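The values are calculated or read from the model by the stated rules, or taken from the named source; none is laboratory data. Since the structure is predicted, the reported quantities are computational estimates derived from the model, not experimental observations. Here Cβ is always computed from backbone atoms with ideal geometry, including for glycine, and neighbour counts include all displayed protein chains. Remember, those area values only see protein heavy atoms, side chains included, never the ligands or the DNA or RNA. Shrake-Rupley method; radii C 1.70, N 1.55, O 1.52, S 1.80 Å.
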Amino acid sequence: MAALLLLAAGADAFTAHRVEDSMAEDFKEAQSLPGEPSVTVHGRPVLTQLARGRLERVELTAHDVPAGEGGRRVPVSTLHVELADVERGGADKAHAGSAKAEAQVSWADLSRGLGIRVGPGRPGADGRPRVTATTRLPLLGEVSVSAEVAASGPRSIAFRSPEVTSGSLPGAAEGLLSGALERGLTLDGIPEGLALDRVRTTGEGLTSELSGEDVTFRRSGRG
């Protein structure tokens, strides 16, 4: 009996590993990643879950998710996704009944996307997160503007209520800094069905929290 139990456990572990590898490859192709993400299938036995046609919970972590073409888009440094009630739709698609995720954009990538140096700012009186945009201007030296950061759409980040933080600036200089922020940015490489709930600042960059239902990724295209 003990030998049979060990054999069953080994077969289940092997199956879980194969499923994880397959889903990692699917996600790599779907999101055009430079490398395979790490994938963990939770719950045992996996064979029983597969027999039912659904996996209870899958965690996935990807790094360096590239930005797409057009508009002001930024790559995602780290994307962590927790998928629940996952159904494999053949060899090229996976679908989750619900999911939540965190997407981190580094300050360096954010600065490149906006075309101006950006870092964490002091939260406003209302406690909302803010960023500080800084540049060096002729005759004025280094100048800064602070702005609130928030979700403005399913995958869009907006910068609002800019305030000068380095003294009084000429209108043109203030407009230059504020204008660099006002158009916002679009997150890329996020699976279909996930939408922004909130954005917060950390020492490393902006962290966006997302959630959704009917979340899908396919090998045939970007999510």
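Considering ALA9, ALA24, which residue is of a type in the set (Gly, Ala, Ser) and at pLDDT below 80?
Exactly one residue qualifies, and that residue is ALA9.
Can you tell me which of ARG44, ARG57 is of a type outside the set (Gly, Ala, Ser) and either in a loop (DSSP other than H, G, I, E, B) or touching a residue at least 40 places away in the same chain (Cβ under 8 Å) (or both)?
ARG44
Answer yes or no: is there a residue in region 128-151 that is within 18 Å of GLU182 (Cβ to Cβ) and of a type in the set (Asp, Glu).
The answer is yes, given that some residue of region 128-151 is within 18 Å of GLU182 (Cβ to Cβ) and of a type in the set (Asp, Glu).
Considering only region 41-66, how many residues are over 20 Å from the mean Cα position of the chain (by Cα) and hydroxyl-bearing (Ser, Thr, Tyr)?
1
If you take the residues in region 36-53 that are at pLDDT 85 or above and open to solvent by 30 Å² or more (accessible area, probe 1.4 Å), which one is nearest to PRO75 (Cα to Cα)?
Residue satisfying both the conditions and the ranking: GLU36.
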